[in-house]
1. Could you list the trypsin sites (Lys or Arg not before Pro) in the range 22-68 that lie in coil according to DSSP, counting only those with at most 16 other Cβ atoms within 10 Å of their Cβ?
2. Given the Cα-Cα distance of His74 and Asp30 and 0.36 nm per residue of separation, how much length would full extension add, in nm?
3. Scan the range 36-82 for GluC sites (Glu not before Pro) in coil per DSSP, keeping those whose Cβ has at most 15 other Cβ atoms within 10 Å, and list them by number.
4. Where does the charge balance sit around Val54 when Lys and Arg score +1, Asp and Glu -1, over other residues with C-beta under 13 Å from its C-beta?
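What follows is calculated from the coordinates using simple rules that are stated; it is not laboratory data. This one's a predicted model, so the numbers in the text were calculated from it and none came from an experiment. Every residue, glycine among them, receives a Cβ derived from its backbone with ideal geometry; neighbour counts consider all protein chains shown.
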Amino acid sequence: VFSGLPGMLLQRPYSLDVSAPLLRTQAFIDGRWVSAASTFPVLDPATGEEIAKVSDCGTKEAQDAVNAAYKAFHLWKSHTGK
């Protein structure tokens with residue numbers, strides 16, 4: 001219990017338990033999941049525990065993502081919000 005929070009127990013309102021098909025650790029680029037050459041760990045800031053290892057994208061993946069976004073913009077720019 002922290003000062004300023006009398007008698008209040010701090011609890012997480014969410015769970016980090018995710019079924020395997022829902023947890024994606026690759027980058028989503030141009031409508032597909034892409035693996036990078038390396039990965040890095042994502043840590044839970046509250047506990048320091050590793051949640052997952054995700055793709056550590058580099059210059060090529062960044063350029064592919066920018067190109068995909070540019071292409072998508074030109075396909076969608078004439079559509080209204082409705």
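1. For trypsin sites (Lys or Arg not before Pro) across the range 22-68 that sit outside H, G, I, E and B with at most 16 neighbouring Cβ atoms in 10 Å, the list reads Arg24.
2. Difference between extended and current length: 14.5 nm.
3. Qualifying residues, ordered by number: Glu49.
4. Result for the neighbourhood of Val54: -1.
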